[in-house]
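Okay, structure first, notes after.
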Amino acid sequence: MVVKLIIFDLWKTLIPATINVANLKTLLKESNISMDEFITRYENAVQKKKYDNFEELRNDFFKEFHEINNENLERELNEIYLNRFDKIKYFPEVRSTLEKLNKNKYSVALLSNAESLHSEEIIEKLKLTKYFDYLGFSFNFGDVKPNKIVFEKILNEFNVNSNEAIMVGDSLESDIMGANNCKIHSCWINRTNKKNETKIKPDFIISSLDEIFEVLEKLKE
């Protein structure tokens, strides 16, 4: 089956993480919360709706994490939202990969669990509309990956079957499990050679985005 639609995650797939992971891990360890639990609760708390201002988001954030409402977490939240913009940039191979996909007439969509604040600035800085036919953000859907509804909306938008699409992302829990549940081809981008300690099995594994062309060739066989 020839793939018509390629769906990409954003953070840690196309652009590096801007959060200070080491600081966050230390904070969570002190609070007896795992990174996976934090991410799931965080996404559900602040990435399902649009916000008019930072204070609204902050209130929802601390409503969810009331048990660790402290100065360290406050600093981490400020780092996420107020100090990250200058750090946002594509990984080195991403622009050329997206340009080649566009040239080869693939439909290209973005599917990202994301906050609404500063989304327009991020779209402009990365020139996302230049490379993507569709920008799918969780705050517009009212739901987050890996829930089926967000993947089904993308398929419906392009009027393609699940076996005509592939999801490329760094998160086994959000990107790969979500795609697998919808019978979409799944491609795990593992830039740091991280060990898969879950039961989630991607169809393909790559370490750099430009390896997607090898995957697309395999899917033609």
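What follows draws every value from the coordinates through simple rules; no lab data is involved. Computed from a predicted model, the values in this text were never measured in an experiment. Neighbour counts are summed over all protein chains in view; Cβ atoms, including those assigned to glycine, are modelled from backbone coordinates with ideal geometry.
Build a GNM of the chain with springs between Cα atoms under 10 Å: which of 168, 160, 144 gets the top mean-square fluctuation?
Judging by the Gaussian network model, the answer is 160.
Report the label-to-label distance for residue 159 and residue 199 in nanometres (one decimal), using points 7 Å from each Cα along the Cα→Cβ vector.
That separation, rounded to one decimal, is 4.0 nm.
Please find the FRET efficiency linking residue 213 to residue 17, where r is the Cβ-Cβ separation and R0 is fixed at 22 Å, and quote it to the nearest 0.05.
That gives a FRET efficiency of 0.30.
For the chain, what is the calculated [θ] at 222 nm in deg cm²/dmol (nearest 500), taking -39500 (n - 2.57) for each run of four or more DSSP H residues and dividing by its residue count?
Helices in the chain give a 222 nm mean residue ellipticity of -12000 deg cm²/dmol.
What does the net charge come to around residue 13 if you take all other residues with beta carbon closer than 9 Å to its beta carbon, with K and R at +1 and D and E at -1?
Overall, the nearby charge balance is -1.
If we count every other residue with Cβ under 13 angstrom of residue 166's Cβ, Lys/Arg +1 and Asp/Glu -1, where does the sum land?
It works out to a net charge of -3.
Listing 35, 167, 177 from the residue with the fewest other Cβ atoms within 10 Å to the one with the most, what is the order?
35, 177, 167
For region 215-220, just list the computed ³J(HN,Hα) in residue order, Karplus coefficients 6.51, -1.76 and 1.60, θ = phi - 60°, integers in Hz, with x standing in for Gly and Pro.
Along region 215-220, the couplings run 5, 5, 5, 4, 6, 7 Hz.
Show me, for region 40-45, the HN-Hα J-couplings you get by feeding each phi into the Karplus relation (A = 6.51, B = -1.76, C = 1.60, θ = phi - 60°), rounded to Hz, glycine and proline as x.
These are the phi-based 3J(HN,Hα) values: 4, 5, 4, 4, 5, 6 Hz.
Using amide H atoms built in the peptide plane, which far-off residues or other-chain residues are under 5 Å from residue 136 H to H?
Placed amide hydrogens put 110, 111, 112 under 5 Å from residue 136.
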